[in-house]
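Before any comments, here is the structure.
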Amino acid sequence: MIRKGYRKSCGLLFLLLVESVVFGQAPDRRVVDNTLISAALPRIEVEIDKSFKYIGRFPFRIRNVAAGERHLFVEAANGKVERMFIEQFEGFLPHIDNFYRYKFENAMELGAFKFRQNNYAYSNKQARKENPFSEGVLTEDFLKIRGFELEDELMMSRFVAVVSEDKKHEFILYYAENVSESDHTLDEFYENDKPTAIWIQISAGLTERSLKSFKII
């Protein structure tokens, strides 16, 4: 019988091999003193608050349309993730004739880029049912292999920028907290798919904390 952890580990290794063989060498990206330094797509340095610990990166693929990589930083106690910060590099595959269509009116200017920002909350279990190969599911599996446990309900602050002239590459920052820290549940955040007054209030604080968690140099 194959252990679940072994199967997940092999799956992530397979993704690494696919990335190197099919998509070629990724741009040079490394973390130095909690600062992620990317040489291209985009060329950027993002300093993460010292309360977070860098635990590594993994590649992902979105069907046969796009691919990228995620770099993860976590703040944890006894292996349980309390907060998480993700830097995601993503782009359409060469054969895909498409581009990112975000609008950046009234967008935040951080460093040399304009970012659209939004907040949302979700259930890991529900995400796994809907798409077992999504970035969120791969993130949870990646954390488990490294001895970290994620709570089911998370709330995210998301910052997205388009980082190439052809608009085929994007860069996303995610700041995550456990919904349980709000003393509420996910069910209290939405009603008929619309945000409740509770979520609107909590969301404002989430945005403030997320902006304090990183700095673009």
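Normalising the average separation of contacting C-alpha pairs (under 8 angstrom, six or more residues apart) by the number of residues puts the relative contact order of the chain at 20 percent.
Keeping every protein chain present and rolling a 1.4 Å probe, give me the accessible area per residue for the range 66-175 in Å². Walk me through the numbers before you get to the answer.
Working: 5360 Å² over 110 residues.
Value for the range 66-175: 49 Å² per residue.
Multiply the residue separation of Glu208 and Asp49 by 0.36 nm, subtract the distance between their alpha-carbon atoms, and state the gained length in nm to one decimal. The Glu208-Asp49 span can extend by a further 55.8 nm.
Taking all protein chains in place and a 1.4 Å probe, what share, in percent, of the accessible surface of the chain do carbon and sulfur account for?
Working: 6350 of 12390 Å².
Carbon-and-sulfur percentage of accessible area, whole number: 51.
Taking other residues whose beta carbon is less than 13 angstrom from the beta carbon of Glu47, and scoring Lys, Arg as +1 and Asp, Glu as -1, yields -1.
Taking a ≥ b ≥ c as the square roots of the eigenvalues of the Cα gyration tensor, the range 52-135 is oblate, since a/c reaches 1.5 or more and a/b is not larger than b/c.
Applying the Karplus relation 6.51 cos²θ - 1.76 cosθ + 1.60 with θ = phi - 60° to the range 93-105 yields 3J(HN,Hα) values of 5, x, 7, 8, 8, 8, 8, 7, 10, 5, 9, 10, 5 Hz, where x marks Gly and Pro. Helices in the chain, meaning DSSP H runs of at least 4 residues, each add -39500 (n - 2.57). Divided by all residues, the mean residue ellipticity at 222 nm is -8000 deg cm²/dmol.
In the chain, which helices (entire DSSP H runs) extend 20 Å or more along their own long axis, judged by Cα positions, while averaging at least -0.5 on the Kyte-Doolittle scale?
Qualifying helices: 4-22, 197-212.
For a paramagnetic label modelled at 7 Å from the Cα of Ala107 toward its Cβ, which residues of the range 152-180 fall within the zone defined by backbone nitrogen distances under 20 Å? Under 20 Å, as judged by backbone N against the label point of Ala107, lie 157-175 of the range 152-180.
The values are calculated or read from the model by the stated rules, or taken from the named source; none is laboratory data. If you're wondering where the values come from, they're calculated on a predicted model, not measured in any experiment. With ideal geometry, Cβ positions are generated from the backbone for all residues, glycine too; neighbour counts draw on all protein chains shown. Keep in mind that these areas ignore ligands, DNA and RNA; they rest on the heavy atoms of the full protein, side chains included. Shrake-Rupley method; radii C 1.70, N 1.55, O 1.52, S 1.80 Å.
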